[in-house]
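In what follows, a structure is listed as structure tokens, so that the remarks can point back to it.
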Amino acid sequence: MKLVQALGLSILLFSVSLTLAGGIGIPKKEDVPKYLKQLQTSTVAADRAKAAEMLGKRGGINADDVEDALAPLRKALQKDKDAKVRAAAARALGNIHSKAEDTVPALIDRLKNDDVMEVKLATVVALGQYGPEAKEAIPPLRELAAKFDAKKSKDGQTIMAAISSINGTKKKKN
């Protein structure tokens, strides 16, 4: 039963991530090189963010299609100057859900060290998508959750949902 609940919560977090990323339009496999190049070379932040979003959408369908984009997405998450690009990279990495051993530490780093709440929340959702593979994220997630009233704050509820997904537990009803 817990597995079914965790799976349902993961699907919910994936849906939220796709909604935040701008809809359901999934790029084709043959578009991946174009988006990868755009992520790595565009001087326009909105174009880099869109490229990360599209890579995440494609990777959510088939992670193998975007294998070459994982390292550039992690780099964008950690080093891009624009918060929207960092947030889009976090969402993409959560959607792709590949290589937890490389990606989860990068997401935790942004959760702890990014100054922009949009980026922090994108990493929260992405970590929730990794479920139990992101166990080491629980302490920083709890620390962030303590800053919100989980009953009144959507951000607090999002953080608590991610913690529940990682723990494999159902959210308590109030």
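Every read-out reported here was derived from the displayed coordinates using simple, explicitly stated rules and does not represent laboratory data. Owing to the predicted nature of the structure, the values given are computational and were not obtained by experimental measurement. So basically every Cβ, Gly included, is an ideal-geometry build from the backbone, and we count neighbours across all protein chains shown.
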Quick calc, segment 2-167, dipole around Cα centre from Cβ unit charges on Lys, Arg (+) and Asp, Glu (-), nearest 20 debye, gives 320
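Which order do the peptides 39-46, 88-95 take when ranked by the mean count of other beta-carbon atoms within 10 Å per residue, highest first?
Sorting 39-46, 88-95 by mean packing, highest first, produces 88-95, 39-46.
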Expressed in nanometres to one decimal, the distance between label points 7 Å along Cα→Cβ at ALA71 and ASP31 is 2.6
A student applying the Cα gyration tensor rule (rounded when a/c is under 1.5; otherwise prolate if a/b is larger than b/c, oblate if not) would label segment 2-167 prolate
Going residue by residue through segment 40-56, the Karplus relation 6.51 cos²θ - 1.76 cosθ + 1.60 with θ = phi - 60° gives ³J(HN,Hα) values, rounded to whole Hz and with x marking Gly or Pro, of 7, 10, 5, 8, 9, 4, 4, 5, 5, 5, 5, 4, 4, 4, 5, 5, x
Over 20 Å (Cα to Cα) among LYS28/LYS120; LYS81/LYS147; LYS81/LYS112; LYS28/LYS50; LYS50/LYS75; LYS99/LYS135 -> LYS28/LYS120; LYS81/LYS147
Residues other than LEU121 with Cβ under 14 Å of its Cβ, Lys/Arg counted +1 and Asp/Glu -1, net out at +4
The summed charge of the GLY56 Cβ neighbourhood (under 12 Å; Lys/Arg +1, Asp/Glu -1) stands at +2
